[in-house]
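**Student:** My questions will all concern the structure given below.
The values are calculated or read from the model by the stated rules, or taken from the named source; none is laboratory data. Note that the structure is predicted; figures quoted are calculated from it, not measured. Quick reminder, even Gly has a Cβ in these numbers, built from the backbone with ideal geometry, and neighbours come from all protein chains shown.
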């Protein structure tokens, strides 16, 4: 699973990325600071199941603080884009190709309206951030359309001549974007397109098909960055009404980055996503004022900086994943004594058999049954798992 961090230049996209991952990336207030995509690991936060067993877990990947489990996810920060990206303007061609493998997108916008459409600083609240939501949709839609239309007439004619089904051919052609034939077939029916006559599809119909494919394969939520700027909250409420189909998460990337850096250097104790911190080191007057500003303008007002909330929303609300722990009925430790060392992210409605295959192909092939470690019940391969289940797989060894 890969989450793409996207947006126009200078809105705080790379700051968001660094705040989420503490990766060493360039941050500057001018267009195209990010040229090549940055890859790093972020984390989603859940209540750890170790409390259920009165234990302290020892994750092999990620970490656990105060029984809050942080599960790793792959993030990619791509070059900022400007209007006309699908035509190659700015870093457009690179930006779009870097998004091929992304399962979902976090669109970072400057909700304070202080960056114009070119990524240039302007007076706060003078630019309408709603324009950014629309333009990214448009760039992605035209990108999909451009891929789909490459040699369209020849492609459609060959499909007809060889008596192939158009949804199967398109699903194969666009597989690199996460498209599959069932998805194409469903959209063709929704748009009432004549699947026997793809050459008759109009430009507008092709665009609508591309848009529907984009919506399904690159689901998106909006990180409303710089929410701590006075007046930005009004913009947020307006955009929520204007774009009800999106989840908007208010955030301050700079605040989260400051808190994490302070914690990293031992100045404070801070659990990402929480609404407070504890001072533990000697702070300068400037550091004290900076942290107090964050406490007053973000943590007290919004209960969080929003960065952790955004990552969680992307995984659990947009992609609808659940977290499942492998465990044993009689033993929660691995061979090295680590308690509940692993946690897997699976699609909602995944079964016990799906989980077995996720752990290892051989476990799936030799599956006998599964055991719900919390309830002590034995379940079959079609048993639908729930978020934060602890499951033991029994196989034919």
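**Student:** Filter segment 276-311 down to residues that are at pLDDT 95 or above, in contact with a strand residue (DSSP E or B) (Cβ under 7 Å, 6 or more places away or on another chain) and surrounded by fewer than 16 Cβ atoms within 10 Å (Cβ to Cβ), then give me how many there are.
**Tutor:** Residues meeting the conditions: 2.
**Student:** Here's a follow-up. Tally the residues that are loosely packed, with under 15 Cβ neighbours inside 10 Å, closer than 22 Å to residue 20 by Cβ and touching a residue at least 60 places away in the same chain (Cβ under 8 Å), restricting the search to segment 42-64.
**Tutor:** Residues in segment 42-64 being loosely packed, with under 15 Cβ neighbours inside 10 Å, closer than 22 Å to residue 20 by Cβ and touching a residue at least 60 places away in the same chain (Cβ under 8 Å): 3 in total.
**Student:** Also, quick follow-up: For segment 245-261, give me each residue that is farther than 30 Å from residue 142 by Cα, in contact with a helix residue (DSSP H, G or I) (Cβ under 7 Å, 6 or more places away or on another chain) and in a helix (DSSP H, G or I). Before the answer, list the steps.
**Tutor:** Step one: filter segment 245-261 for residues farther than 30 Å from residue 142 by Cα, giving 252, 254-261.
Subsequent filtering for residues that are in contact with a helix residue (DSSP H, G or I) (Cβ under 7 Å, 6 or more places away or on another chain) retains 252, 254-260.
Matches in segment 245-261: 254, 255, 256, 257, 258, 259, 260.
**Student:** Ok, one more. Which one of these is within 27 Å of the chain's Cα centre (by Cα) and at positive phi: 388, 376?
**Tutor:** Every option except 388 fails the conditions.
**Student:** Are any residues in segment 231-244 in a loop (DSSP other than H, G, I, E, B) and touching a helix residue (DSSP H, G or I) at 6+ places or on another chain (Cβ under 9 Å), and if so, which ones? First the steps, then the outcome.
**Tutor:** Residues of segment 231-244 that are in a loop (DSSP other than H, G, I, E, B), as a first pass: 231, 243-244.
243 - this is the single residue of segment 231-244 that is in a loop (DSSP other than H, G, I, E, B) and touching a helix residue (DSSP H, G or I) at 6+ places or on another chain (Cβ under 9 Å).
**Student:** Restricting attention to segment 173-202, which residues are farther than 16 Å from residue 212 by Cβ and in contact with a helix residue (DSSP H, G or I) (Cβ under 7 Å, 6 or more places away or on another chain)?
**Tutor:** 194, 199
**Student:** Same structure again: I'd like to verify a number: residues in segment 336-373 that are surrounded by fewer than 16 Cβ atoms within 10 Å (Cβ to Cβ) and part of a loop (DSSP other than H, G, I, E, B), how many?
**Tutor:** Number satisfying all stated conditions: 7.
**Student:** I'd like to check something: does segment 173-180 contain any residue that is outside the structural domain of residue 8 (by TED's automatic domain parsing), at positive phi, surrounded by 14 or more Cβ atoms within 10 Å (Cβ to Cβ) and out of contact with any strand residue (DSSP E or B) (no Cβ under 8 Å at 6 or more places or on another chain)?
**Tutor:** Scanning segment 173-180, I find at least one residue that is outside the structural domain of residue 8 (by TED's automatic domain parsing), at positive phi, surrounded by 14 or more Cβ atoms within 10 Å (Cβ to Cβ) and out of contact with any strand residue (DSSP E or B) (no Cβ under 8 Å at 6 or more places or on another chain), so the answer is yes.
**Student:** Another one. Based on this model, can you work out whether residue 313 counts as touching a residue at least 24 places away in the same chain (Cβ under 8 Å), closer than 21 Å to residue 42 by Cα, under 20 Å from the mean Cα position of the chain (by Cα) and not in a loop (DSSP other than H, G, I, E, B)?
**Tutor:** yes
**Student:** Something else now. Name every residue in segment 169-195 that is without any contact (Cβ under 8 Å) to a residue 12 or more places away in the chain and within 16 Å of residue 156 (Cβ to Cβ), in order of residue number.
**Tutor:** Correct list: 172, 194.
**Student:** So, in segment 96-127, exactly how many residues are surrounded by 16 or more Cβ atoms within 10 Å (Cβ to Cβ) and either in contact with a strand residue (DSSP E or B) (Cβ under 9 Å, 6 or more places away or on another chain) or not in a loop (DSSP other than H, G, I, E, B) (or both)?
**Tutor:** The number of residues fulfilling the criteria is 17.
**Student:** Can I ask one more? Among the numbered conditions (1) modelled with pLDDT under 95; (2) in contact with a strand residue (DSSP E or B) (Cβ under 9 Å, 6 or more places away or on another chain); (3) buried (at least 20 other Cβ atoms within 10 Å of the Cβ), tell me where residue 144 comes up short.
**Tutor:** (2)
**Student:** Counting just the residues of segment 59-101 that are under 17 Å from the mean Cα position of the chain (by Cα) and closer than 15 Å to residue 137 by Cβ, which one comes out modelled with the lowest pLDDT?
**Tutor:** 95
**Student:** Mind listing whichever residues of segment 374-397 are touching a residue at least 24 places away in the same chain (Cβ under 8 Å), more than 11 Å from residue 353 (Cβ to Cβ) and not in a strand (DSSP E or B)?
**Tutor:** Within segment 374-397, 374, 376, 386, 387, 388, 396, 397 qualify.
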